[in-house]
Amino acid sequence: MDYSDERRSRVASTVKASLSALMIASAIGPAFAQSPATGDCLAGSDKVALAAGVRADSVKDAPECHLTWQEAGIMVGFPPPLDKQVTPDNLFRYPFVRWTLQNTSLFTRTVSMLSDRKTVRPIPEQRDGALLDTKLDIGGTDQSVGEYAGKSFTDALVVTKNGKLVAEWYGNGMSASKPHYISSVTKGVTGLLAELLIADGRLDDKRPVKSYVPELAGSPFGDATVRDVLDMKVNVGAGETSGAVDVADAALWSTMALNSRQSAYDTLAAVKADGPNDGNFHYASMTTEVAGWVITRAAGETYQKLASDLLWSKLGLQDDIVEPVDPTGKVYASTGLTISARDLAKLGVMIADHGKVDGKQVFAPEVIDRLYEYGDAHAWQNGNFKKIKVFHSYRSYWYQLAGDDHALMGLGVYGQGLYINPTTRVVMVRYSSLPVHSVLEYSDGWDKIRLWLDRTATAAP
């Protein structure tokens with residue numbers, strides 16, 4: 001395959017002409033910061049580019065800055081008014097984003113992640129009627145958990161303790177069975193699939209990537225080990241975290257547009273390094289896309305079949321679960337999984353229970369334990385997320401929290417989160433549709449709620 005300068009130039013031209021659906025890692029971020037619909041609602045001085053989006057200290061407490069998609073009239077009517085329709089140009093802008101994250105299947109190619117739905121398994125319930133009404137000091141104000149959910153653009157909240165559903169909350173048109181886009185929480189699923197293949201002997205994390213995917217031999221990924229890729233220790237993707245325009249990142253995201261014919265395989269093989277591989281943490285969604293290519297090549301199966309056979313079919317999912325694909329059928333391994341909050345909680349409960357489902361050992365405990373093993377702390381402390389002190393390291397696309405609990409988090413833009421604590425056996429799923437990529441105030445508030453849940457949890461005897 002010819003990856004000449006001419007070809008790269010053609011890719012770049014295509015990107016500049018079609019920065020459209022799911023454009024998360026391109027120049028749209030700085031422009032977004034100046035958008036009258038959103039920029040006027042951001043409070044504080046920390047309006048900075050982050051993954052070509054925006055991070056804000058807080059969002060102004062004004063009605064027009066906290067509209068649900070129904071209140072804003074987005075996609076309401078037959079047909080909706082033109083100025084209320086979601087388009088490639090506005091789908092990730094407030095208030096349109098509040099509809100978008102619940103309806104991704106309507107504007108991009110998707111494929112089912114569950115080919116064999118066996119027995120639907122509800123989460124056992126042991127409701128704590130007081131949990132959502134409990135008031136905590138959040139940001140200097142006494143607020144109940146439910147009130148804070150409504151204030152912080154939350155769409156769904158599911159909390160389990162000791163494997164039982166203790167509380168759930170839904171807003172902004174969400175319901176218990178409605179799937180929601182979980183953005184980069186998807187990466188943790190890819191990491192788990194890789195760990196399952198490693199345990200099965202079908203994948204060797206010590207081998208170089210090029211031994212599985214020769215097409216990547218000339219890229220920064222070729223000489224990296226599979227473990228380097230799983231732990232994001234390949235020096236690529238600076239544009240995704242700095243807000244700068246990065247042609248490779250932009251090309252990767254633009255392949256998701258409905259009118260795109262660009263292959264993610266081509267884009268990955270044309271990636272250039274940002275510098276020598278230094279063993280440090282370098283966040284880049286394209287690295288997870290490489291992992292998706294590696295695991296499918298190693299197993300000789302499509303991503304969707306691996307996900308269904310190895311994982312989702314064993315959890316008793318109740319609702320639809322889909323993921324985006326590029327024009328060649330490559331499932332996006334880094335983002336875009338769409339799943340209900342209850343079904344994602346089932347994944348969290350299984351991991352918290354070291355591979356058990358309904359008390360039965362369905363997954364080898366050593367596979368799950370590998371997720372809890374601390375990764376390379378030095379790599380994290382010298383990586384591009386080093387300012388985030390709450391984390392110890394990063395392993396198989398899971399953030400590992402500092403402390404003795406060995407808790408894990410999966411995080412995604414616009415406020416998606418999956419928290420798993422194997423010690424307290426607390427699992428918290430939170431879906432949001434923030435008007436920007438992240439809001440510091442809300443992150444701090446939910447961290448406080450998470451810690452409170454751990455303190456009040458009673459471990460199973």
- Taking the options Gly336, Gly348, name whichever one is in contact with a strand residue (DSSP E or B) (Cβ under 8 Å, 6 or more places away or on another chain), at positive phi, touching a residue at least 40 places away in the same chain (Cβ under 8 Å) and not β-branched (Val, Ile, Thr). Gly336
- Query: Restricting the stretch 216-234 to residues that are assigned to a loop (DSSP other than H, G, I, E, B), out of contact with any Asp or Glu (no Cβ under 7 Å at 6 or more places or on another chain) and of a type in the set (A, V, I, L, M), which is nearest to Tyr397 (Cα to Cα)?
  - Reply: Met232
- Task: Taking Gly355 as meeting all but one of (1) at pLDDT 95 or above; (2) under 21 Å from Leu196 (Cα atoms); (3) out of contact with any helix residue (DSSP H, G or I) (no Cβ under 7 Å at 6 or more places or on another chain); (4) of a type outside the set (A, V, I, L, M, F, W, C), write down the number of the exception.
- Result: (3)
- In the stretch 408-437, which residue that is hydroxyl-bearing (Ser, Thr, Tyr) and under 20 Å from Gly355 (Cβ atoms) is surrounded by the most Cβ atoms within 10 Å (Cβ to Cβ)? Tyr419
- Item | Candidates Tyr170, Tyr181, Tyr148, filtered to the one that is more than 23 Å from Thr338 (Cα to Cα), crowded, with 17+ Cβ neighbours inside 10 Å and either of a type outside the set (Lys, Arg) or in contact with a Phe, Trp or Tyr (Cβ under 6 Å, 6 or more places away or on another chain) (or both) | Tyr148
- Among the listed residues Asp405, Asp447, which satisfies the condition of being charged (D, E, K, R), surrounded by fewer than 24 Cβ atoms within 10 Å (Cβ to Cβ), in contact (Cβ under 8 Å) with a residue 40 or more places away in the chain and assigned to a loop (DSSP other than H, G, I, E, B)? Asp405
- Item | Lone qualifier among Ala299, Ala352 - being of a type in the set (Gly, Ala, Ser), surrounded by 23 or more Cβ atoms within 10 Å (Cβ to Cβ) and out of contact with any Phe, Trp or Tyr (no Cβ under 6 Å at 6 or more places or on another chain) | Ala352
- Query: For Leu311, all conditions in the list (1) touching a strand residue (DSSP E or B) at 6+ places or on another chain (Cβ under 9 Å); (2) surrounded by fewer than 21 Cβ atoms within 10 Å (Cβ to Cβ); (3) among the hydrophobic types (A, V, I, L, M, F, W, C) hold save one; what is the number of the exception?
  - Reply: (1)
- Item | Top-ranked residue of the stretch 273-292 - restricted to ones that are in a loop (DSSP other than H, G, I, E, B) and in contact with a helix residue (DSSP H, G or I) (Cβ under 7 Å, 6 or more places away or on another chain), ranked as surrounded by the fewest Cβ atoms within 10 Å (Cβ to Cβ) | Gly279
- Task: Scan the stretch 222-244 for residues that are at pLDDT 95 or above, touching a strand residue (DSSP E or B) at 6+ places or on another chain (Cβ under 9 Å) and hydrophobic (A, V, I, L, M, F, W, C) and report the count.
- Result: 4
- Message: Considering only residues that are hydroxyl-bearing (Ser, Thr, Tyr) and in contact with an Asp or Glu (Cβ under 8 Å, 6 or more places away or on another chain), which ones fall in the stretch 124-151?
- Response: Ser144
- Filter the stretch 408-423 for residues that are under 15 Å from Leu347 (Cα atoms) and part of a loop (DSSP other than H, G, I, E, B) and give the result. Pro422
- Query: Which of the residues that make up the stretch 93-113 are modelled with pLDDT under 95, part of a loop (DSSP other than H, G, I, E, B) and either more than 26 Å from Val325 (Cα to Cα) or among the hydrophobic types (A, V, I, L, M, F, W, C) (or both)?
  - Reply: Phe107
- Odd one out for Gly329 among (1) surrounded by fewer than 18 Cβ atoms within 10 Å (Cβ to Cβ); (2) under 21 Å from the mean Cα position of the chain (by Cα); (3) closer than 24 Å to Glu168 by Cβ: (3)
- Message: Among the residues of the stretch 83-133, what is the count of those that are surrounded by 14 or more Cβ atoms within 10 Å (Cβ to Cβ), more than 30 Å from Asp309 (Cα to Cα) and touching a strand residue (DSSP E or B) at 6+ places or on another chain (Cβ under 6 Å)?
- Response: 3
- Item | Scope the stretch 424-442; condition modelled with pLDDT under 95 and either in a strand (DSSP E or B) or not aliphatic (A, V, I, L, M) (or both); matching residues | Pro435, His437, Ser438, Val439, Glu441
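The values are calculated or read from the model by the stated rules, or taken from the named source; none is laboratory data. Owing to the predicted nature of the structure, the values given are computational and were not obtained by experimental measurement. Quick reminder, even Gly has a Cβ in these numbers, built from the backbone with ideal geometry, and neighbours come from all protein chains shown.
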